[in-house]
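Nothing in this text is a laboratory measurement; each read-out follows from the coordinates by a stated rule. Because the structure is a prediction, the values reported are computed rather than measured. Here the Cβ is made from the backbone with ideal geometry for all residues, glycine too, and neighbour counts use every protein chain on show.
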Amino acid sequence: MEQKFPLFIVTGASGVGKTTVMHVLRDLMPEFVVFSTDIDNFGTTAEKLEYQDRYNLLLHFAYSVALSGRGTIICGTFMPWDAQKCDSFNKFSELCFINLHCDDSTRNSRLQNREDKAMWTDDMLKQHEQFAQWLLDNAETEYNPPMPTIDTTATPPSQVAEQIKRYVMLKWDERTAHTED
């Protein structure tokens, strides 16, 4: 019987630090492959892909990584129901989401001062405030296993990455414990 591995997804509203922490995770956890859902992860193919296509590809890649006995962490806004639509969804023992969160004023400041100079309207900022609150309100009920939240408001990316690593390794070691039974 084929062994299934957990898949880890670092999610959250825009501006909470997913992309920033992704770069730290790559250095901190070289035994894991770290992908992004961001458009720049897909090169010139990106504009041809809808979000669901990107998610589907990422789960296929993660499954290929798992066939080598390694784990994958995907950083980006990704919802459980999007994952459930992917061809490879059932190839994983579980999808473990981790929510990055910061207070509204910090998120708004980060978004308005991004290097990409994207225009963040008041309406867009409000939508991300509401989405961030939805993630907090539903972390225990819409996610299985329940989704832990890491506050990035004043926590340096290196410490956020360490917290992510602790959770990932705890779940990864549980997988190992189950295979030894």
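Treating the beta-carbon of each Lys and Arg as +1 and of each Asp and Glu as -1, no other charges, what is the dipole magnitude of the chain about its Cα centre, to the nearest 20 debye?
Rounded to the nearest 20 debye, it is 340 debye.
Tell me the angle of helix 18-28 to the major Cα principal axis of the chain, expressed in degrees between 0 and 90 and rounded to the nearest ten.
Helix 18-28 sits roughly 40 degrees off the main axis of the chain.
Given charges of +1 on the Cβ of Lys and Arg and -1 on the Cβ of Asp and Glu, with all other atoms neutral, how large is the dipole of region 1-69 about its Cα centre, in debye to the nearest 20?
Its charge dipole is roughly 120 debye.
List the residues whose amide H sits under 5 Å from the amide H of F97, counting only those 5 or more places along or on another chain, with H placed 1.01 Å from N in the peptide plane.
Hits under the 5 Å cutoff: I9.
Roughly speaking, what is the centre-to-centre gap between region 135-160 and region 34-59 when only Cα atoms are used, to the nearest Å?
About 23 Å separates the Cα centre of region 135-160 from the one of region 34-59.
Just one of (i) 1.83; (ii) 0.97; (iii) 1.02 is Cα Rg over 2.2 N^0.38 Å calculated from these coordinates, so which is it?
Only one option fits the structure, namely (iii).
Relative contact order of region 17-106, please, whole-number percent, based on alpha carbon pairs below 8 angstrom and at least 6 residues apart.
Computed over region 17-106, the figure is 33 percent.
Note down the relative contact order for region 5-180 as a percent, whole number, built from C-alpha pairs under 8 angstrom at least six residues apart.
Normalised by residue count, the contact order of region 5-180 is 34 percent.
Going 7 Å from the Cα of E142 in the Cα-to-Cβ direction, what parts of region 73-101 have a backbone nitrogen less than 11 Å from that spot?
78-82
Placing +1 on the Cβ of each Lys and Arg and -1 on the Cβ of each Asp and Glu in region 5-180, which of H60, V10, C75 has its Cα farthest towards the positive end of the resulting dipole?
Working it through, the farthest residue towards the positive pole turns out to be H60.
Please work out how many pairs of lysine residues in the chain are eight or more positions apart (or on different chains) and have Cα atoms closer than 17 angstrom.
Lysine pairs satisfying the spacing and distance rule in the chain number 4.
What relative contact order, as a whole-number percentage, does region 89-157 give when Cα pairs under 8 Å and 6 or more residues apart are counted?
Relative contact order for region 89-157 comes out at 56 percent.
Say the dipole of region 5-180 comes from +1 at the beta carbon of Lys and Arg and -1 at that of Asp and Glu; which of N108, T149, C86 then lies farthest toward its positive end?
Of N108, T149, C86, it is C86.
Could you derive backbone 3J(HN,Hα) for region 76-87 from the dihedral phi with the Karplus parameters 6.51, -1.76 and 1.60 (θ = phi - 60°), listing whole Hz in sequence and x where the residue is Gly or Pro?
x, 5, 8, 10, x, 5, 5, 5, 5, 7, 7, 4
How much FRET efficiency would the formula 1/(1 + (r/R0)^6) give for W81 and Q130, where r is the Cβ-Cβ distance and R0 is 22 Å, rounded to 0.05?
0.80
In nm, what is the difference between 0.36 nm times the number of residues separating K4 and R114 and their Cα-Cα distance?
Difference between extended and current length: 35.8 nm.
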